[in-house]
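Input: a single structure, listed below in structure tokens.
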């Protein structure tokens, strides 16, 4: 069996086979065409790259909004989400979610938490000694590091209180 990148010649053989015999029975493809690829590899190549009705790139803001709403409703069920976006593959939607939308949501969430924390403490964001850990920070942070950060914040707030009393 071949592994790795598909060649143009292999793509052409697969396209010709599917146009002649139709989609399905992917295990027969390698036997009948001489392709040294497994059936699953042929199926994935056809569904994600070679079909004629596939849209590529530039996902519109309307499509992104639909993806976000469907993800909230369906979770990570990319094949169900892709059925609502004609011409988009589940792989493309999943990749767009993980590389663009999810990261944008995390960044916006952190900015919102910092802004709310600053409003609550009535202090400007620049040079603020207060720290707010969000749920996403805790998931991606070493627990020992969280304890150290917590102690540092506590120590800093204790020092701030001492400074205020010394001034009076």
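The values are calculated or read from the model by the stated rules, or taken from the named source; none is laboratory data. This one's a predicted model, so the numbers in the text were calculated from it and none came from an experiment. Reconstructed Cβ throughout: ideal geometry from the backbone, glycine too, with neighbour counts over all protein chains shown.
How about segment 25-51: which of its residues are under 11 Å from residue 13 (Cα atoms) and outside any helix (DSSP H, G or I)?
Within segment 25-51, 34, 35 meet the criteria.
Any idea which of (1) surrounded by 12 or more Cβ atoms within 10 Å (Cβ to Cβ); (2) free of Cβ contacts under 8 Å to residues at least 40 places away in the same chain; (3) assigned to a helix (DSSP H, G or I) is the one residue 73 doesn't satisfy?
(1)
Out of segment 76-94, which residues are part of a loop (DSSP other than H, G, I, E, B), surrounded by fewer than 16 Cβ atoms within 10 Å (Cβ to Cβ) and within 15 Å of the chain's Cα centre (by Cα)?
Matches in segment 76-94: 76, 77.
Would you tally the residues in segment 4-17 being in contact (Cβ under 8 Å) with a residue 12 or more places away in the chain and within 14 Å of residue 41 (Cβ to Cβ)?
Summing the residues that are in contact (Cβ under 8 Å) with a residue 12 or more places away in the chain and within 14 Å of residue 41 (Cβ to Cβ) in segment 4-17 gives 6.
Return a yes/no flag: does segment 53-60 have any residue that is over 21 Å from residue 1 (Cβ atoms), assigned to a helix (DSSP H, G or I) and out of contact with any helix residue (DSSP H, G or I) (no Cβ under 7 Å at 6 or more places or on another chain).
If we filter segment 53-60 for residues that are over 21 Å from residue 1 (Cβ atoms), which is where we start, we get 53-60.
Subset that is assigned to a helix (DSSP H, G or I): none.
No, the conditions are met nowhere in segment 53-60.
If I filter segment 75-94 for residues that are modelled with pLDDT of 90 or more and farther than 29 Å from residue 6 by Cβ, do I get at least one hit?
Looking through segment 75-94, at least one residue is modelled with pLDDT of 90 or more and farther than 29 Å from residue 6 by Cβ.
Those residues that are under 32 Å from the mean Cα position of the chain (by Cα), surrounded by 14 or more Cβ atoms within 10 Å (Cβ to Cβ) and farther than 18 Å from residue 82 by Cβ, I need them from segment 9-65; list them, please.
Passing the criteria: 10, 11, 14, 15, 18, 26, 37, 38, 39, 41, 42.
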